[in-house]
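Please read the structure below before turning to the comments.
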Amino acid sequence: MEKIYDMIIVGGGPGGYTAALYAARAGLDVMLIERLSAGGQMNLTGQIDNYPGFPEGVDGFQLSYNMQQQAERFGAKTKYAEVLKLELEGEEKTVVTNEGEYLAKSVVISTGANPRPLGVAREHEMIGRGVGYCAHCDGGFYRGKTVAVVGGGNSAAAEALYLSRIAKEVILIHRRDSLRATQIYHKPLMEAPNIRFAWNSEVAELLGEDLLEGVKLRNLENGGEEVLEVQGLFVSIGRKPATDLVKDQLTLDDAGYIMAGENTKTNLPGVYAVGDVRTKELRQIVTAVADGAMAAHMAEQERH
Ligand code: NAP
């Protein structure tokens, strides 16, 4: 007879691994499926200062590794595979991957969110040739160079500060005249000697053939154009929830996030959504881990 897991978790970020930890500790037979490596976005973050318990902050890669080890200590398994299809209706759920099919009584969706593209011409072909979406991943290539960051939220602020420690100069391009980022970022950004701002501006064109050599900026107030000579452009304008696998089965909100409340229950019995992929006010590691604990709790309760 084919094995049926108590729980399969799709996505190994903090929400997924916390669901794995709680479910495994509760005695459930759990497998987590992850495409690349544990941690999700957390894995790509250098210093994490707002996860409690680490007075000096913690490296995102280390925290990811720790969460995986902790869940596996209680018997959760990690399977590295690409999930191709999910059949979530009915009591027995099927998870189709490039390595085979698996059955589960409950499924936790913790697929997170991916960077939102800017939408400027040639953006896709210039990825890795100057255009990037993660300063902590690619920032090292721009030591001593001039780079720009697009966006005005917490991510753009954090990316600009990180890059200012590597690059010669950082230009923060924002479509408004003030930042959306929380106050804590404002002072360090304003005080950094090598960060300047291009307010009320959008990127109209990417310049350079093989490698990025600059961007053409358009001023949204007066329509004026200006060329910025930059070798790197980091796009940090928010994220798009990774819901392609579930969009025809689970109810999504207008922005594409899975509709689920604090109890992480979706419209389908036995299917839970945790972390950044779920509708919520605050997308942070602490809120993702809270979701993971809740999903395991609900799955355990609903099992009886
Ligand atoms: P965000 O808060 O949604 O900010 C997106 C920014 O990009 C906004 O300033 C927005 O401009 C701009 N934008 C959106 N579409 C654009 C476009 N097409 N062209 C140009 N600019 C565009 O996204 P985020 O900064 O990625 O943050 C995501 C979540 O993670 C947030 O909840 C954030 O608080 C959290 N986060 C927290 C921390 C932390 O606490 N340390 C760090 C990183 C992220 P407008 O202002 O005009 O809308």
request  = At q = 0.20, 0.27 Å⁻¹, what is the base-10 log of I(q)/I(0) for segment 171-239 according to the Debye formula with one equal point scatterer per Cα and no solvent? Please give it to two decimals.
outcome  = -0.92, -1.29
task = Distance from a point 7 Å along Cα→Cβ of Glu191 to each backbone N in segment 149-169: keep the residues under 18 Å and list them by number.
result = 157-166
ask   = So what J values fall out for segment 291-298 if you push phi through Karplus, 6.51 cos²θ - 1.76 cosθ + 1.60 with θ = phi - 60°, rounded to Hz, Gly and Pro as x?
value = 4, x, 4, 5, 4, 5, 4, 5
message = Which log10 I(q)/I(0) values does segment 77-201 give at q = 0.10, 0.23 Å⁻¹ under the Debye formula, counting every alpha carbon as one identical point scatterer?
response = -0.49, -1.34
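May I ask you to list the GluC sites (Glu not before Pro) in segment 127-223 that are in a DSSP loop and have at most 11 other Cβ atoms within 10 Å of their Cβ?
Glu209, Glu221
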inquiry  = With unit charges on the beta carbons (Lys and Arg positive, Asp and Glu negative) and the dipole taken about the Cα centre of segment 112-237, which residue among Gly112, Ala167, Tyr133 sits farthest to the positive side?
reply    = Gly112
task = Compute the convex hull volume of the Cα atoms of the chain, divide it by the residue count, and report the result per residue in Å³ as a whole number.
result = 140
inquiry  = Using the Karplus curve 6.51 cos²θ - 1.76 cosθ + 1.60 with θ = phi - 60°, what ³J(HN,Hα) values do you get for each residue of segment 128-136, in whole Hz, with x for Gly and Pro?
reply    = x, 10, x, 9, x, 10, 8, 5, 5
note = In this structure, the FRET efficiency calculated for Asn98 and Leu282 from their beta-carbon separation, with R0 = 41 Å, to the nearest 0.05, is 0.75
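Check each of the trypsin sites (Lys or Arg not before Pro) in segment 182-287 and keep only those in coil by DSSP with at most 16 other C-beta atoms within 10 angstrom; list them in order. Mind showing how you got there, number by number?
Values: sites: Arg196, Lys216, Arg218, Arg239, Lys247, Lys265, Arg278, Lys280, Arg283; in loops: Lys247, Lys280, Arg283.
In loop regions of segment 182-287 (DSSP not H, G, I, E or B), the sparsely surrounded trypsin sites (Lys or Arg not before Pro) are Lys247.
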key: Neighbour-limited loop hits for GluC sites (Glu not before Pro), segment 62-107 (at most 10 other Cβ within 10 Å; DSSP other than H, G, I, E, B)   = Glu91
query = For segment 106-162, what is the largest minus smallest coordinate of the Cα atoms on each principal axis, given in angstrom and ordered from greatest to least?
reply = 50, 27, 21
task = Provide the percentage of antiparallel DSSP beta bridges, counting only those with both residues in the chain; round to the nearest 5.
result = 45
message = Quick check: residue separation of Ile4 and Gln47 times 0.36 nm, minus the Cα distance between them. What number comes out in nm?
response = 11.6 nm
message = Need one number: nm distance between label points at Tyr80 and Gln249, each 7 Å from Cα along Cα→Cβ, rounded to one decimal.
response = 2.6
request  = Using only the Cα atoms of segment 262-304, each taken as one equal point scatterer with no solvent, compute I(q) by the Debye sum, divide by I(0), and report log10 of the ratio at q = 0.21, 0.28, 0.29 Å⁻¹.
outcome  = -0.60, -0.95, -1.00
ask   = Which length gain, in nm to one decimal place, applies between Glu123 and Glu229 when the Cα-Cα distance is subtracted from 0.36 nm times their residue separation?
value = 36.5 nm
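So what is Rg over Rh here for segment 1-118, counting just Cα atoms and using Kirkwood for Rh?
In segment 1-118, Rg relative to Rh is 1.01.
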task = Read phi for every residue in segment 166-171 and hand back ³J(HN,Hα) as whole Hz from Karplus 6.51 cos²θ - 1.76 cosθ + 1.60, θ = phi - 60°, with x for Gly and Pro.
result = 10, 7, 6, 9, 10, 10
Set of aspartates and glutamates near Lys247 by C-alpha distance (under 15 Å), chain-local residues within fewer than 8 positions excluded = Glu87, Glu89
key: Net dipole in debye of the chain [+1 Lys, Arg Cβ; -1 Asp, Glu Cβ; about Cα centre; nearest 20]   = 520
query = Lys/Arg Cβ at +1, Asp/Glu Cβ at -1, dipole of the chain taken about the Cα centre: which of Leu189, Tyr257, Gly27 is farthest positive-ward?
reply = Leu189
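Each value in this text was obtained by applying a stated rule to the coordinates, not by laboratory testing. All of these numbers come straight from a predicted model, not from anything done at the bench. Cβ atoms come from the backbone with ideal geometry, glycine included; neighbour counts cover every protein chain shown.
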